[in-house]
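Participant: After the structure tokens below, expect a handful of questions from me.
The values are calculated or read from the model by the stated rules, or taken from the named source; none is laboratory data. As the structure is a prediction and not an experimental result, all values here were calculated from the model. In this analysis, Cβ positions are derived from the backbone assuming ideal geometry, glycine residues included, and neighbour counts consider all displayed protein chains. What goes into the accessible areas is simple: the full protein's heavy atoms, side chains included, and nothing from ligands, DNA or RNA. Shrake-Rupley method; radii C 1.70, N 1.55, O 1.52, S 1.80 Å.
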Amino acid sequence: MPRQFFVGGNFKMNGTIDSIKSIVHHLNDAKVSSDIEVVIAPPALYLLLTREHLRKGIEVAAQNLFDQPNGAFTGEISAAQLKDSGITWALVGHSERRTLLQESDEFVAKKTKSALDGGIGAILCCGETLEQREGDKTMEVVIRQLSAVASSVKDWSKIVVAYEPVWAIGTGKVATTEQAQEVHKGIREWIGKELGSEAAEKTRIIYGGSVSEKNCKELAKAEDIDGFLVGGASLKPAFVDIINAKA
């Protein structure tokens, strides 16, 4: 059975009430194949607004969550609170949080487990810096990041892996289809060894890093690219073209 194409839109720290309503209304009116799973991740302040106005069939993700179910953790949001609010996914391990907020592989693993234990899916980000790529350490870095999660989570049925080379995020530089496919294939082979052939076949591995309406169709042709995690382009009308890249 083919893996369902998955497209996520990460708004990052962008948007206002009016602009997010506009994006949501555009998505509500867009022609999107029912074969494609679409998830958008607005800033936390606008999660409920987005869920309230977004049509059924498109899901909402948090850009972050904490690794504890409740308690004295000022400023944090739990998986249980997200699920209670109709939010069905959370991003974990994005390079901006790994870098700017010093989130470790171990902390990302705890947050991933917390999401799954709380009943929501995890979009698990991984990827290398330019220095690491030029040092031929891409797979070493990616496998280290994913191994931290695999050590505590054995069921990956609610995990979508997002390979995002750090050097391609927001830079306009995009991994070539061949570069992306090579890493995606390596990730799938690693999942097979660590978690079994069924997990390898079913786990969706999506690509992120300056994805646009201009390059998405070519990337979508690759055997092991199962969708996209889109940054800045998800704020624009052309996001619909990326969603329909497989159409």
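Participant: Probe radius 1.4 Å, ligands and nucleic acids ignored: give me the carbon and sulfur share of the accessible area of region 105-158 as a rounded percent. Before the final figure, lay out the partial values.
Facilitator: On the way: 1220 of 2490 Å².
In region 105-158, the share of accessible area belonging to carbon and sulfur is 49 percent.
Participant: Mind giving me the nanometre distance, one decimal, between the label points for Asp155 and Thr176, set 7 Å out from Cα along Cα→Cβ?
Facilitator: Simple spin-label model gives 4.2 nm for this pair.
Participant: Ok, one more. Pick from Gly127, Gly227, Gly196: which is most flexible by mean-square fluctuation in a GNM of the chain where alpha carbon atoms under 10 Å apart are linked?
Facilitator: Per the Cα network of the chain with a 10 Å cutoff, Gly196 tops the list.
Participant: Where in region 128-161 is the amide nitrogen less than 14 Å from a point lying 7 Å along the Cα-to-Cβ axis of Glu198?
Facilitator: 154-158
Participant: Further question on the same structure: Need one number: nm distance between label points at Asp29 and Ser104, each 7 Å from Cα along Cα→Cβ, rounded to one decimal.
Facilitator: So the two model labels end up 5.0 nm from each other.
Participant: Here's another thing I want to ask about it. What ratio of Cα Rg to 2.2 N^0.38 Å holds for region 125-247?
Facilitator: On the way: Rg = 14.1 Å, N = 123, 2.2 N^0.38 = 13.7 Å.
Rg over 2.2 N^0.38 Å, computed on Cα atoms: 1.03.
Participant: Sorted by packing (mean other beta-carbon atoms within 10 Å per residue), highest first, where do 186-193, 201-208 land?
Facilitator: Values: 186-193: 16.8, 201-208: 21.4.
Per-residue Cβ counts within 10 Å, averaged per peptide and sorted highest first, yield 201-208, 186-193.
Participant: If you take the charge dipole of the chain about its Cα centre, with +1 on Lys and Arg Cβ and -1 on Asp and Glu Cβ, which of Ala220, Ser34, Gly232 is farthest toward its positive end?
Facilitator: It is Ser34, whose Cα lies furthest towards the positive end.
Participant: Given a 1.4 Å probe and the protein chains all in place, what does the accessible area of Glu131 round to, in Å² to the nearest 10?
Facilitator: Around 150 Å² of this residue is reachable by solvent.
Participant: With +1 assigned to the C-beta of every Lys and Arg and -1 to the C-beta of every Asp and Glu, and no other charges, what is the dipole magnitude of region 125-247 about the Cα centre in debye, to the nearest 20? Present the calculation step by step, with values, prior to reporting the outcome.
Facilitator: Numbers: 16 positive and 19 negative charges, 68 e Å.
Computed about the Cα centre, the dipole is about 320 debye.
Participant: Let me ask something additional. Could you size up the charge dipole of the chain around its Cα centre, putting +1 on the beta carbon of Lys and Arg and -1 on that of Asp and Glu, and report it in debye to the nearest 20?
Facilitator: Around 480 debye, computed over the chain.
Participant: Starting from the amide H of Ala62, placed 1.01 Å from N in the peptide plane, find each other amide H under 5 Å away whose residue is 5 or more places distant or on another chain.
Facilitator: HN-HN under 5 Å from Ala62: Trp89, Ala90, Leu91.
Participant: Using the heavy atoms of the protein chains alone and a 1.4 angstrom probe, what is the accessible area of the chain per residue in square angstrom? It would help to have the intermediate numbers written out before the result.
Facilitator: On the way: 11840 Å² over 247 residues.
Roughly 48 Å² per residue, with all protein chains present.
Participant: Specify whether the C-alpha gyration tensor of the chain places it in the rounded, prolate or oblate class, a ≥ b ≥ c being the square roots of the eigenvalues: rounded for a/c under 1.5, otherwise prolate if a/b is larger than b/c and oblate if not.
Facilitator: Details: a/c = 1.43, a/b = 1.10, b/c = 1.31.
The shape class here is rounded.
Participant: Right, next: Which FRET efficiency value, to the nearest 0.05, do you get for Ser19 and Arg144 by plugging their Cβ-Cβ distance into 1/(1 + (r/R0)^6) with R0 = 30 Å? Working shown, then result.
Facilitator: Working: r = 37 Å, r/R0 = 1.25.
The pair Ser19/Arg144 has a calculated efficiency of 0.20.
Participant: Give me the percent of Cα-Cα pairs in region 142-188 that sit more than 17 Å apart, rounded to a whole number.
Facilitator: Working: 453 of 1081 pairs.
Distances greater than 17 Å cover 42 percent of the Cα pairs.
Participant: For the chain, what is the calculated [θ] at 222 nm in deg cm²/dmol (nearest 500), taking -39500 (n - 2.57) for each run of four or more DSSP H residues and dividing by its residue count?
Facilitator: On the way: 11 runs with 98 residues, N = 247.
Estimated from H runs of four or more residues: -11000 deg cm²/dmol.
Participant: How big is the charge dipole of region 17-154 about its Cα centre, in debye rounded to the nearest 20, if each Lys and Arg gets +1 on its Cβ and each Asp and Glu gets -1 on its Cβ? Present the calculation step by step, with values, prior to reporting the outcome.
Facilitator: Values: 15 positive and 19 negative charges, 71 e Å.
With only Lys, Arg, Asp and Glu charged at Cβ, the dipole is about 340 debye.
Participant: Mean-square fluctuation check for the chain, GNM, Cα pairs under 10 Å: which of Ser212, Ser78, Ser197 is largest?
Facilitator: Ranking Ser212, Ser78, Ser197 by mean-square fluctuation puts Ser197 first.
Participant: Please list, in order along region 191-197, the HN-Hα scalar couplings obtained from phi with the Karplus expression 6.51 cos²θ - 1.76 cosθ + 1.60 (θ = phi - 60°), rounded to whole Hz, x for Gly and Pro.
Facilitator: 4, x, 6, 7, 10, x, 5
Participant: Looking only at Glu140, Glu59, Glu106, which one moves most when the chain is put into a Gaussian network model with springs between Cα atoms under 10 Å?
Facilitator: Glu140
Participant: Counting only residues 5 or more places away or on other chains, whose amide H sits under 5 Å from the amide H of His94 once H atoms are built in the peptide plane?
Facilitator: Result for His94 returns Cys125.
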